[in-house]
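The values are calculated or read from the model by the stated rules, or taken from the named source; none is laboratory data. As the structure is a computational prediction, the values presented were derived from the model and not from experiment. Using ideal geometry, Cβ is built from the backbone for each residue, glycine included, and neighbour counts are taken over all protein chains shown.
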Amino acid sequence: MKEITLYQFELCPYCHKVRAGLELKGIAYRKVEVNPMSKKELPKLPEGAPRKVPVLDVDGELRWDSTVILNYLDEHFPGKVRFLPEDAALRDRAVQVENWVDDALTFALPTVIYGTWGEAAKAAQVTARTSNFGLLQNLMVRAGGSLVMHEVSKRILKKRGQTDGRAWLSRELDQLESWLGTQPFICGEAITLADVATHGALTCITEFPAFTEMMTRPPIAAWYGRVAAQRAANKA
């Protein structure tokens with residue numbers, strides 16, 4: 001059995017994409033929480049590789065970038081779920097949705113995690129609780145992390161030409177609902193890369209008010225529950 005380690009950060013939607021993929025494939029893995037300040041837990045990466053999460057170590061071979069990792073998992077671990085359908089049209093749709101996750105959804109999510117002072121304070125607590133901080137760093141994050149995180153949210157909004165994170169996320173969820181329609185999964189009757197990426201990314205907001213608001217949308221709530229149930233059933 002291969003030894004698999006995921007280097008991750010708890011509030012990173014790209015890391016949650018990979019976790020969703022591993023769990024739906026039924027792949028056992030070890031999770032290492034990376035200190036987002038020092039990143040000292042990361043393994044030695046090849047020259048030119050970005051020092052950021054997620055990083056997947058499979059028997060000493062390293063891969064990074066959530067899309068690259070998911071494609072690798074689908075090729076080398078056929079498992080219980082195949083991410084890319086054989087049908088060309090469904091395959092294209094799955095890739096399109098994953099691109100949307102990476103290019104739009106993952107930018108909207110931090111603005112509802114760090115958007116208000118209360119949310120930013122909560123995010124700082126989650127970071128301090130899950131990361132490998134020493135005592136002093138832990139206290140610094142709890143005290144000042146909310147300020148940094150709130151500023152991150154403001155910068156994302158400005159760069160993306162947005163003014164309201166919740167309204168922005170609501171529009172992205174409208175897009176998700178339009179893809180779902182009355183189907184059980186985004187591309188139809190079976191889970192695909194589209195569901196892996198979207199469900200994974202959205203999992204990072206489960207401790208925040210935006211998640212509760214999202215779950216008031218019946219089609220999304222039903223879809224989210226179906227994918228969550230499959231993740232739990234397949235999880236090694």
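Could you go through the range 132-144 and let me know if any residue there is in a helix (DSSP H, G or I) and either at pLDDT 85 or above or within 20 Å of the chain's Cα centre (by Cα) (or both).
Within the range 132-144 (the criterion being in a helix (DSSP H, G or I) and either at pLDDT 85 or above or within 20 Å of the chain's Cα centre (by Cα) (or both)), the answer is no, since none of the residues qualifies.
Is one or more of the residues making up the range 29-40 aromatic (Phe, Trp, Tyr), closer than 24 Å to Ala194 by Cβ, at pLDDT 90 or above and in a loop (DSSP other than H, G, I, E, B)? Break it down into steps so the answer makes sense when it comes.
Just the residues of the range 29-40 that are aromatic (Phe, Trp, Tyr), to begin with: 29.
Going one step further and asking which of them are closer than 24 Å to Ala194 by Cβ, we end up with 29.
If we keep only those that are at pLDDT 90 or above too, we end up with 29.
When the remaining residues are screened for being in a loop (DSSP other than H, G, I, E, B), the result is 29.
Looking through the range 29-40, at least one residue is aromatic (Phe, Trp, Tyr), closer than 24 Å to Ala194 by Cβ, at pLDDT 90 or above and in a loop (DSSP other than H, G, I, E, B).
If you check Ser170 against the conditions, is it exposed (fewer than 14 other Cβ atoms within 10 Å of the Cβ), at pLDDT 95 or above and either closer than 24 Å to Val95 by Cα or of a type in the set (Asp, Glu) (or both)?
For Ser170, the condition - exposed (fewer than 14 other Cβ atoms within 10 Å of the Cβ), at pLDDT 95 or above and either closer than 24 Å to Val95 by Cα or of a type in the set (Asp, Glu) (or both) - is not met.
What are the residues in the range 33-85 that are more than 30 Å from Glu189 (Cα to Cα) and acidic (Asp, Glu), if any?
Answer for the range 33-85, where residues must be more than 30 Å from Glu189 (Cα to Cα) and acidic (Asp, Glu): Glu33, Glu41, Glu47, Asp57, Asp59, Glu61.
Show the residue pairs meeting these rules: Cβ distance below 7 Å; 6+ apart or different chains; first residue within the range 55-69 and within 19 Å of Cys12 (Cα to Cα) and free of Cβ contacts under 8 Å to residues at least 12 places away in the same chain; second residue outside any strand (DSSP E or B) and hydroxyl-bearing (Ser, Thr, Tyr).
These pairs meet every condition: Arg63/Tyr72.
One residue is enough: does the range 209-222 have a residue meeting the conditions part of a loop (DSSP other than H, G, I, E, B), within 14 Å of Pro13 (Cα to Cα) and under 17 Å from the mean Cα position of the chain (by Cα)?
Within the range 209-222, not a single residue is part of a loop (DSSP other than H, G, I, E, B), within 14 Å of Pro13 (Cα to Cα) and under 17 Å from the mean Cα position of the chain (by Cα).
Just to be sure I understand, how many residues within the range 53-106 are touching a Phe, Trp or Tyr at 6+ places or on another chain (Cβ under 6 Å) and of a type in the set (Asp, Glu)?
The number of residues fulfilling the criteria is 1.
Go through (1) surrounded by 16 or more Cβ atoms within 10 Å (Cβ to Cβ); (2) more than 20 Å from Pro13 (Cα to Cα) and name the single condition Thr182 misses.
(1)
Are any residues in the range 198-221 touching a residue at least 12 places away in the same chain (Cβ under 8 Å) and either outside the structural domain of Val101 (by TED's automatic domain parsing) or small (Gly, Ala, Ser) (or both), and if so, which ones?
If the condition is that a residue be touching a residue at least 12 places away in the same chain (Cβ under 8 Å) and either outside the structural domain of Val101 (by TED's automatic domain parsing) or small (Gly, Ala, Ser) (or both), then Gly200, Ala201, Ala210 are the ones that fit.
Please work out which one of (1) more than 14 Å from the chain's Cα centre (by Cα); (2) crowded, with 22+ Cβ neighbours inside 10 Å is the condition Ala197 fails and give its number.
It is condition (1) that Ala197 fails.
So which of Glu75, Glu98 ends up being within 28 Å of Lys154 (Cβ to Cβ) and either at pLDDT 95 or above or part of a helix (DSSP H, G or I) (or both)? Working first, answer last.
Numbers: Glu75 fails: within 28 Å of Lys154 (Cβ to Cβ).
Sole residue among the options that is within 28 Å of Lys154 (Cβ to Cβ) and either at pLDDT 95 or above or part of a helix (DSSP H, G or I) (or both): Glu98.
For Leu62, indicate whether it is over 12 Å from the mean Cα position of the chain (by Cα), surrounded by fewer than 19 Cβ atoms within 10 Å (Cβ to Cβ), hydrophobic (A, V, I, L, M, F, W, C) and not in a loop (DSSP other than H, G, I, E, B). Spell out how you get there, then give the answer.
On the way: over 12 Å from the mean Cα position of the chain (by Cα): yes; surrounded by fewer than 19 Cβ atoms within 10 Å (Cβ to Cβ): yes; hydrophobic (A, V, I, L, M, F, W, C): yes; not in a loop (DSSP other than H, G, I, E, B): yes.
For Leu62, the condition - over 12 Å from the mean Cα position of the chain (by Cα), surrounded by fewer than 19 Cβ atoms within 10 Å (Cβ to Cβ), hydrophobic (A, V, I, L, M, F, W, C) and not in a loop (DSSP other than H, G, I, E, B) - is met.
Let me confirm something: among Arg82, Arg160, Arg91, which residue is at pLDDT 95 or above and over 29 Å from Lys40 (Cβ atoms)?
None of the other options fit; the residue is Arg91.
How many residues are in contact (Cβ under 8 Å) with a residue 60 or more places away in the chain and part of a loop (DSSP other than H, G, I, E, B) when one looks only at the range 1-28?
Adding up the residues that qualify gives 7.
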